1. Kindly indicate whether residue 550 is in a loop (DSSP other than H, G, I, E, B) and more than 25 Å from the chain's Cα centre (by Cα).
2. Output the number of residues of segment 516-553 satisfying the condition of being touching a helix residue (DSSP H, G or I) at 6+ places or on another chain (Cβ under 7 Å) and buried (at least 23 other Cβ atoms within 10 Å of the Cβ).
3. Could you check how many residues of segment 401-419 are surrounded by 21 or more Cβ atoms within 10 Å (Cβ to Cβ) and over 33 Å from the mean Cα position of the chain (by Cα)?
4. Specify the residue that is nearest to residue 297 (Cα to Cα); the eligible residues are those in segment 353-403 that are touching a strand residue (DSSP E or B) at 6+ places or on another chain (Cβ under 7 Å) and in a helix (DSSP H, G or I).
5. If residue 578 meets every condition in (1) at pLDDT 90 or above; (2) more than 23 Å from residue 496 (Cα to Cα); (3) not assigned by TED's automatic domain parsing to the domain that holds residue 486 apart from one, which number is that one?
6. Please list, ordered by first then second residue, the pairs with beta carbon atoms under 6 Å, 6 or more apart or interchain, first in segment 75-87 and assigned by TED's automatic domain parsing to the domain that holds residue 147 and modelled with pLDDT of 80 or more, second in a loop (DSSP other than H, G, I, E, B) and surrounded by fewer than 16 Cβ atoms within 10 Å (Cβ to Cβ).
7. So which residues in segment 428-450 are in contact (Cβ under 8 Å) with a residue 12 or more places away in the chain and not in a loop (DSSP other than H, G, I, E, B)?
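The values are calculated or read from the model by the stated rules, or taken from the named source; none is laboratory data. Keep in mind the model is a prediction, meaning the values are calculated, not measured. Cβ atoms come from the backbone with ideal geometry, glycine included; neighbour counts cover every protein chain shown.
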């Protein structure tokens, strides 16, 4: 066949190839255009989500502003009277927030139509929760209430939107994203709460909590060591189920919540799913990796350890009361995910996860945020609007005698009191056989006013007499007990801090000793209590004589604290304890209040710690100042409740759906 006969075929093949190449070019052009559109959609979508997150942060800030701003006007800290504005009329009266629907939040000093940096606008709204809603599914949260409405718990929603000026929404694709969260007002999470935080431990080599101890309440470990070693009968609980009746009568009841996974009526005492709760959590700071180490939390021996396997616990002292079985949350990093592979064996946070009972069965949630340092007496504080370089410059401290602290210059110095030196400040301590005494004291309170008061023991004359064996703190005299709003400020500089400071000792057989009023005691010496030491109560149920609402004693020392170390049959010790060194307890004693120490040391006798969640607003500022930032930062914070952040489904707006269900449900 000649070449001339093939020319038509070559032309045909060339035309087919050109056609195919044209189709491929058009296809690639369309693909590139589609990729560009998808990239733009993704960019707009992500930007909308980021804008909604910005709105959420703004909402939390606005709620904090409302919370901390109200006291200045004399009002209560209460979101149930927070103004919401759907359409703020000029000079009009704002509409209160409600429990039935989301309403746009009045955003102060910001016109959201001006957008946010990088482009986009947001709208934020809030919806109040009733106490019953909070206690039931899906939240299972307690709250303080105004009537039946939560004062410190609220639903927040933010909708972020991007438009053509920020890159362009594409027809058929949304440029709006909505997120929703539950917010709570709490003490500043960057500080440690002295007065209501359960057990807070700093920890050094050897662990923060060692030995056999039962802790009813929250545990917060900020150390870089084995955090806890719980064997034998040791463990953590979420209620006062194991507390004795005499202690219970001196405490206001705990709030109620539904057992996780159920519904209940928290107002009905007969509802078996309505249980008292301490809202207990376990928080352990992440550890630095070491070549030879054990799990952060060692759990051994028989019995439940973190929480209990049953949903509820019946109170031993009152069969009509039930406590929550599971703890609310564990925040301990799982080091299967974080450790250096050069080290072996790989170890989880808990040596035995089967002994951990937590809401939702989640034992892998990591520690949130940066662990704070254990507060020291030498830390800066701010009290009554005045900043101080140190909380207390006790004898022997790095700042002793500088006069730059709050406590020592303000407090009444007991170092020259003969009655104090021969009893509480002696090696023998105060016993039930000690002769009656009255110690006049003068101190300067947080406002700068000079206050006269008395410390009395075994007072038998005068008005308003207490029960026998009562240590009283009163102002201007012991006949008028001092109150938590203005406690006595007492300081003792011990010349022998390893053996003297503040001591309650037993002489002969067990004898209940009491205290009445409110006082904050700071020393450089040993705090030692070897006898029942409880708040005064004339008759159960101790109306008007509750710890820590009416009677409270804070014992703070740069030294050691020993409670029930030497003597058995100590029924209870009630107080707020702050110890820069070691807290030592070795007998079966119920220790009630809150506790902060570098280390906790126990033996086989199983002492029990029972957290008393303080009403932070009513606790003495002189107590709660320790552990604050000291820079004037807010005492309170508003933050998201773990587990309750989510992105709403398509079609959600700041006010649709009107409740947290459907496309915005949990």
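1. For residue 550, the condition - in a loop (DSSP other than H, G, I, E, B) and more than 25 Å from the chain's Cα centre (by Cα) - is not met.
2. Counting residues in segment 516-553 that are touching a helix residue (DSSP H, G or I) at 6+ places or on another chain (Cβ under 7 Å) and buried (at least 23 other Cβ atoms within 10 Å of the Cβ) gives 2.
3. 1
4. Going through the qualifying residues, I end up with 355.
5. (2)
6. Qualifying pairs under 6 Å: 83/94.
7. 430, 437, 438, 439, 440, 441, 442, 443, 444 - these are the residues of segment 428-450 that are in contact (Cβ under 8 Å) with a residue 12 or more places away in the chain and not in a loop (DSSP other than H, G, I, E, B).
Residue by residue, here is whether (1) in contact (Cβ under 8 Å) with a residue 40 or more places away in the chain; (2) outside the structural domain of residue 518 (by TED's automatic domain parsing) holds:
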position	(1), (2)
389	no, yes
398	no, yes
423	no, no
481	yes, no
